[in-house]
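See below for the structure under consideration.
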Amino acid sequence: MAPRGLDGEINRLYQLPLEEFTPARNALAKGAGADAARIRALAKPPIAAWAVNQLYWRNPDVWNALMAASDNARRVHRAVLGGKSGDVRAANKVHDEAVDKALKATLALLADAGHPATDTTKHAIGTTLRALPGDEPPGRLTELLQPAGFSTLAGFSVAAGAFKPAKPASAPAPVAPPSRTAKPKVDAKALTRARQAVAAADRALREAENTARRDEFEKARTEREEQRADEAVEKARAAAERAAADLKEAEAAAGRATRLRESAAQRARDAERALTAARKKAEAAAADLSAIESD
């Protein structure tokens, strides 16, 4: 099997319904020859990673928008950390909106596939989308991702001039002005503090985002539970009304049956009396006949 064909078959594995992944993978490995071990090593993705894979395969517009927003946000953070200008707030807002849109699209794909979207699954999908792109090929995720945050960019060198050096204390003698050709020195302590502040702010941002998402999921969950409870009340009320109607009909049928039984019993008693009278008449006629014959 040619490598391109094999890669296509692998791509197909990750587009299949989740329950079909393992048998299809094992079947593919049987005919993969030297690549059999590689195929058998392919891990079945958890439900949240599988759902994100489906977004890549089935909704490329939303996926591409998410990747563009993520790349733009990282690029802006790098620029700012490098001492250049950049609107971090705007880049983060665009990325947040792209993640939200991707989350809704992914949950829709999950629902279409017949998988219940639990709060845990929703949270896992949201964090994975926010952490993209990952190390695995798109559409082939086999594990969930955790957003490391753009604070990981704090390790990039910060351009000279991004931070102003501290003013020296007044000296008893005048200090010669620095040469125009000399580059200003960066205060190492100020640089470290600035990097730490960026990292702390980014951690706080991630925590706030995670809290907001959890609260949003909890709100949606309680709204669904309230709706289900209201539907259950309506169903119970309708069932009670049907039961009352059935009871009324059953009571009427029982009354009719009682009347029919009593009528039948009366007819049976009348028939018994008629039979007794007919038997007496027959016996009398037989006696009269016997008397006539004996004369």
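Here the contact order of the range 45-156, divided by its residue count and restricted to Cα pairs under 8 Å and six or more residues apart, works out to 41 percent. Simple point charges give the picture: +1 on the Cβ of Lys and Arg, -1 on the Cβ of Asp and Glu, and for the range 45-156 a dipole about the Cα centre of about 320 debye. In terms of packing, defined here as the mean over residues of other Cβ atoms within 10 angstrom, the peptides 70-79, 30-39, 108-117 line up highest first as 70-79, 108-117, 30-39.
Legend: distances between Cα atoms for 44/101; 30/104; 84/104; pairs beyond 32 Å are 30/104; 84/104.
Once the Cα gyration tensor of the range 7-61 is diagonalised, what are the square roots of 5 times its eigenvalues, in whole Å and ordered largest first, as equivalent ellipsoid semi-axes?
Values: eigenvalues 92, 27, 15 Å².
Sorted largest first and rounded, they come to 21, 12, 9 Å.
Read-outs throughout are calculated quantities, based only on the coordinates presented, and are distinct from any laboratory measurement. Not measured: the values here are computed from a predicted model. No Cβ is skipped: glycine too gets one built from the backbone with ideal geometry, and neighbour counts run over all protein chains shown.
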